[in-house]
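Data first, discussion second: the structure below is written as structure tokens.
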Amino acid sequence: MASPMRAVMSGSRALRCWKARVSPLTGYVGVTSRRDISFQLDEKTAHSSLDLFKKNTGVIYRMLGIDPSKVTQSPERFREWAVVLGDTHIVNGRHYWEVTVKRSQEFRIGVADADMSRDECIGVNNRSWVFAYSHKKWHGMQANKIIPITNIGHPSKVGLLLDYEGGKLSLVDSDKGSLVHTLSANFRGPVVPAFALWDGELLTHSNLDVPDYL
């Protein structure tokens with residue numbers, strides 16, 4: 001765990017990082033400059049504590065999880081923390097998707113480089129950009145920096161707006177229809193939707209047009 005993480009939120013699993021193995025993603029799906037993106041969660045990347053459901057659009061955290069020895073071995077799988085990636089690589093355009101939060105008090109949502117190192121957690125390097133919710137507070141996370149976000153509570157649904165060419169990832173309050181916070185990014189290659197979950201469940205909604213107010 002990086003020391004800035006301890007200083008900000010000691011003991012929070014949603015802002016912790018453990019050692020894992022390095023592995024590149026294989027396969028590639030390009031996305032054109034359409035205003036919508038359609039993706040599912042990629043089972044090959046899912047940590048053994050995460051179960052996918054609803055045709056791989058939802059993820060639920062299991063405290064005991066699945067016996068790692070019974071999980072199909074994949075070099076793309078996160079082995080030490082509860083992370084799963086989307087299966088669609090984004091290389092351009094503006095894209096919007098939403099996440100329904102069900103009973104979860106610790107999670108991260110965002111994007112990551114498709115081939116980011118599996119030795120690092122999403123949000124604590126310069127190859128991932130996420131919004132984290134923990135201890136009833138929101139934070140933006142990028143390049144091992146934590147940015148407090150104060151103008152949003154715990155909505156039942158949030159949105160993410162990715163502007164690839166503009167180098168921006170924004171958190172959207174879907175309940176109020178307003179943009180909450182924007183992270184600046186330096187996308188150098190394909191990125192994928194990224195999720196981390198330590199309790200409850202998340203349900204993703206893709207194939208959505210960018211809302212007019214954005």
Computed from the beta carbon distance with a Förster radius of 45 Å, FRET efficiency for N92 and M63 to the nearest 0.05 stands at 0.70
Its Cα gyration tensor gives the stretch 141-214 an equivalent ellipsoid whose semi-axes in whole Å, largest first, are 19, 17, 15
In whole percent, the fraction of accessible protein surface over the stretch 67-129 that belongs to carbon or sulfur atoms, probe radius 1.4 Å, stands at 44
With label points set 7 Å from each Cα along the Cα-to-Cβ direction at K176 and K55, the distance between them in nm comes to 3.3
Here the FRET efficiency for H135 versus D36, based on Cβ atoms and R0 = 45 Å and rounded to 0.05, is 0.85
Given backbone amide H placed at 1.01 Å from N, residues whose amide H is under 5 Å from that of K137, ignoring those fewer than 5 places away on the same chain, are none
Scalar couplings 3J(HN,Hα) for the stretch 84-95 by Karplus 6.51 cos²θ - 1.76 cosθ + 1.60 (θ = phi - 60°), nearest whole Hz, x for Gly and Pro, are 9, 10, x, 9, 10, 8, 10, 10, 6, x, 10, 9
Given a Förster distance of 45 Å, the FRET efficiency implied by the Cβ-Cβ spacing of N151 and K44, rounded to the nearest 0.05, works out to 0.80
Heavy-atom accessible area per residue of the stretch 129-202, all protein chains kept, 1.4 Å probe, expressed in Å², is 39
Here Rg/Rh (Cα, Kirkwood) for the stretch 43-196 equals 0.94
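The values are calculated or read from the model by the stated rules, or taken from the named source; none is laboratory data. The model shown is predicted, which means the values in this text are computed figures rather than measured ones. Positions of Cβ are backbone-derived with ideal geometry, glycine not excepted, and every protein chain shown enters the neighbour counts. Please note that ligands, DNA and RNA were not included when accessible areas were found on the heavy atoms of the full protein model with its side chains. Shrake-Rupley method; radii C 1.70, N 1.55, O 1.52, S 1.80 Å.
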